[in-house]
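Colleague: This is the structure I want to talk about, given as structure tokens.
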Amino acid sequence: MDDLQVLRELRETVPPPTQGGLAGIRRRLVAGMVPPRRRPGWRLAVTVGLALALAAGVTVADTLRSSPSQVADAAVFLRQAAAVVDDDVPQVERTRPNAWLYTKRLNTWPGGEPDEQVERWWRFDGRQTVTFVPQCEKCPDGLLSSPLEPRGKHGGHGEERTLSPQRIWHHHESLPRDPARLLDELRRLGVWASFGDLDPDQTADGQAFWVARDLLGAGGLLPPPDLQAALFRALARIPEVQVTVDGEDPAGRAAVTISYRPSTQPPGQNFEGYEFFVDPETYGYLGERGHDGSGSALLESALTDRAGERP
């Protein structure tokens, strides 16, 4: 009996892989993609190492993963992450009228200041937020309501800069999925689409990076998988984007760090050190950290019917 015949007989006893199982394997493999340093004989060493690891029950991703390390080619990593995300099933519920976006975050501060957990409900049109403040004696059920006003006009377009779940959702639905066109659109949107106080003197790529972070989940509303994949591919086209694996987000969860490190900056500006974090298996948004050391971790997000309602 030849080897091929043996393999055919063995295959008949093994059930076919499920799509979900294959997706999980792809996630674990891509999460461990840290290119090895090329040394004489490295191919043989890796081959033998993989064989021993598999015999011991260690996954391929665990074998390829090293200690906390910057990925040599961030663009390759981001494109591979996009390929994994493309296989995900879209969210069933994208939005509904009169909804509130609930988020729970952990805010961290440098210098030994205590961490702060914040629960907030954001009306879908962006005109009101409600924050849970248990120590507020005058707040019904500890809920502090704050109206929000539009933030002016966007350039000559005459559109209100009301940052809201509704506007995020609009971008999620309308932005192009082609990475080159998407990157151009992120550069055009710039500070108008960002939730932070981004300086308009920031470079076009810096603004695109910041807006991509917001659309990936910084506002609490997570993008559909096809846009998430397109955003990763757009970030892969920015040369100064870096990726580090085996890191931690501000909440201490395992994370992949995606950062923008410009080689040149506008006079008097400092945008170095800004980064956000994604889950090493699902690549979903986890949180962010600024160059001053402050951070924010998104612990939970969901749509609710009213302020004060928790998922």
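Colleague: Determine whether segment 94-104 contains at least one residue that is over 23 Å from residue 257 (Cβ atoms), at pLDDT below 85 and among the basic types (Lys, Arg).
Modeller: The answer is yes; a qualifying residue exists.
Colleague: Report whether or not residue 113 is out of contact with any Pro (no Cβ under 6 Å at 6 or more places or on another chain), of a type in the set (Asp, Glu) and at pLDDT 95 or above.
Modeller: No: the conditions fail for residue 113.
Colleague: Tally time: how many residues in segment 94-145 are more than 28 Å from the chain's Cα centre (by Cα) and either surrounded by 18 or more Cβ atoms within 10 Å (Cβ to Cβ) or part of a strand (DSSP E or B) (or both)?
Modeller: The qualifying residues number 3.
Colleague: For segment 224-241, give me the residue count where each residue is part of a helix (DSSP H, G or I) and open to solvent by less than 10 Å² (accessible area, probe 1.4 Å).
Modeller: Of the residues in that region, 7 qualify.
Colleague: Residue 282 is checked against (1) over 12 Å from the mean Cα position of the chain (by Cα); (2) modelled with pLDDT under 95; (3) assigned to a loop (DSSP other than H, G, I, E, B) and fails just one. What number does that condition carry?
Modeller: For residue 282, the failing item is (1).
Colleague: Continuing with this model, one more query. Out of the residues in segment 271-309 meeting the condition of being out of contact with any Pro (no Cβ under 8 Å at 6 or more places or on another chain), in contact (Cβ under 8 Å) with a residue 24 or more places away in the chain and on the phi > 0 side of the Ramachandran plot, tell me which one is least open to solvent (accessible area, probe 1.4 Å).
Modeller: 283
Colleague: Follow-up question, since we're still on this one. Does residue 227 meet the test of being modelled with pLDDT under 90 and within 13 Å of the chain's Cα centre (by Cα)?
Modeller: no
Colleague: Does residue 221 satisfy being buried (at least 23 other Cβ atoms within 10 Å of the Cβ) and in a helix (DSSP H, G or I)?
Modeller: So residue 221 fails the test.
Colleague: Still on this structure, I have one more. Considering segment 136-172 alone, what residues qualify as being in contact with a Ser or Thr (Cβ under 6 Å, 6 or more places away or on another chain) and at pLDDT 85 or above?
Modeller: Selection gives 144, 146, 169.
Colleague: Still on this structure, I have one more. Give the residue, chosen from 214, 205, that is under 25 Å from residue 257 (Cα atoms), acidic (Asp, Glu), modelled with pLDDT under 90 and surrounded by 21 or more Cβ atoms within 10 Å (Cβ to Cβ).
Modeller: After applying the criteria, what remains is 214.
The values are calculated or read from the model by the stated rules, or taken from the named source; none is laboratory data. Just so you know, these numbers come straight off a predicted model, no measurement behind them. Because the Cβ atoms are built from the backbone with ideal geometry, glycine has one as well, and the counts that use them run over all protein chains shown. Side chains included, ligands, DNA and RNA excluded: accessible areas come from the protein's heavy atoms. Shrake-Rupley method; radii C 1.70, N 1.55, O 1.52, S 1.80 Å.
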